[in-house]
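Everything below concerns the one structure shown next.
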Amino acid sequence: MGIPFFFFAQCECTDCPIFVPSNSFESSFLDISGSTNDELGTGGQQVCQVCIDLIHDAIEEFEVILFAPDGSSVTLMVDTGISVNDGISFQICFVSCDQTAVPDSGFPDVFDTGAGWQDGASYSGSYYPNLGCLEDLTGSINGTWELQMEDDIGGDEGTLNDWYIVFADDSGLGCANAGSCGLATCDADAGELTLADQSFCEGDPDLVFSPAPSYAGSVPDPADYGYYYVVTDLATDVVLDISATADLTGYLPGEYLVCGLSYLINDEPILPTPNGSLLSTDIQQDIDDDV
């Protein structure tokens, strides 16, 4: 299970999809509460990323502004003219200016609606906002965030399918969190547990173990990432335990599967709890869905 395990929760759009007609304003709102490190610009707190899933027929006519609860703002996209395109898809992230943007091939680091986006194409790079930086946002995280969209010319339209915010510290929020301001990736990596099938007698003290995983690449930073063992009843797929040490000494005779789970330490409170019905496939589904 060496796959990122995280939740977007209240930091992801809850009123999407939002249709943006031509020559009109529309907004999407996030109501965020519970942050325990809630002041932007202090304690290492800032907005790391704003990611959007958007389709538009004339991106040159489109403007997007993010407003923090205190009214401070950053302009992600600026309208640059008139265009008649067809179904251009953007699944992109805007990153803070202290990071490295990785734009789609042939496009500038700073997002430009007039950069020559192709009809019917899909884009998935990361960009700097068109005006300002995400670090310019101030005040408390807690409150109402607004993503304001404007189509300035008649005749074309768009739809915001989804969007979310990534904070440097999501303590108390249960949002997706990169642990620090990095690209839209997660360094959680459970590695490989290479133990062969083994048989033990019931109660054998060797049934308490914590095998070390092997890694093909770098090891996740233990300051940011923890490691648990997931013990599953092989016959039923029911998860029996998720803990720092695999302890099978009290189990009845049977066949059990032990897997490794790497997780962001800040997300530990929202890890699932074995309850007699939790399945390993449920955990895998959460990982695959990135919810």
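The values are calculated or read from the model by the stated rules, or taken from the named source; none is laboratory data. Nothing here was measured: the structure is a model prediction, and the numbers come from that model. In this analysis, Cβ positions are derived from the backbone assuming ideal geometry, glycine residues included, and neighbour counts consider all displayed protein chains. SASA here: full protein model, heavy atoms, side chains in, ligands and nucleic acids out. Shrake-Rupley method; radii C 1.70, N 1.55, O 1.52, S 1.80 Å.
Take Tyr215 and decide whether it is of a type outside the set (S, T, N, Q), crowded, with 17+ Cβ neighbours inside 10 Å and touching a residue at least 12 places away in the same chain (Cβ under 8 Å).
Here the answer is no, as Tyr215 does not meet what is asked.
Give the number of residues within the range 82-98 that are modelled with pLDDT of 75 or more and open to solvent by 10 Å² or more (accessible area, probe 1.4 Å).
Of the residues in the range 82-98, 6 are modelled with pLDDT of 75 or more and open to solvent by 10 Å² or more (accessible area, probe 1.4 Å).
Check Gly179, Gly114, Gly139, Gly174 and return the single one that is over 14 Å from Val47 (Cβ atoms) and modelled with pLDDT of 90 or more.
Gly114
Within the range 24-32, identify whether any single residue is crowded, with 17+ Cβ neighbours inside 10 Å, in a loop (DSSP other than H, G, I, E, B) and not hydrophobic (A, V, I, L, M, F, W, C), and answer yes or no.
no
For the subset of the range 99-125 comprising residues that are closer than 16 Å to Ile55 by Cα and among the polar types (S, T, N, Q), which member is most open to solvent (accessible area, probe 1.4 Å)?
Gln118
Just to be sure I understand, how many residues within the range 45-64 are among the polar types (S, T, N, Q), open to solvent by less than 10 Å² (accessible area, probe 1.4 Å) and over 10 Å from Phe94 (Cβ atoms)?
Here is the first cut: in the range 45-64, the ones among the polar types (S, T, N, Q) are 45-46, 49.
Filter once more, keeping what is open to solvent by less than 10 Å² (accessible area, probe 1.4 Å): 45, 49.
Then drop every residue that is not over 10 Å from Phe94 (Cβ atoms), which leaves 45.
So the count comes out to 1.
Can you tell me which residue within the range 240-256, out of those that are surrounded by 15 or more Cβ atoms within 10 Å (Cβ to Cβ) and among the hydrophobic types (A, V, I, L, M, F, W, C), is farthest from Gln198 (Cα to Cα)?
So, considering only residues that are surrounded by 15 or more Cβ atoms within 10 Å (Cβ to Cβ) and among the hydrophobic types (A, V, I, L, M, F, W, C), the one farthest from Gln198 (Cα to Cα) is Ile242.
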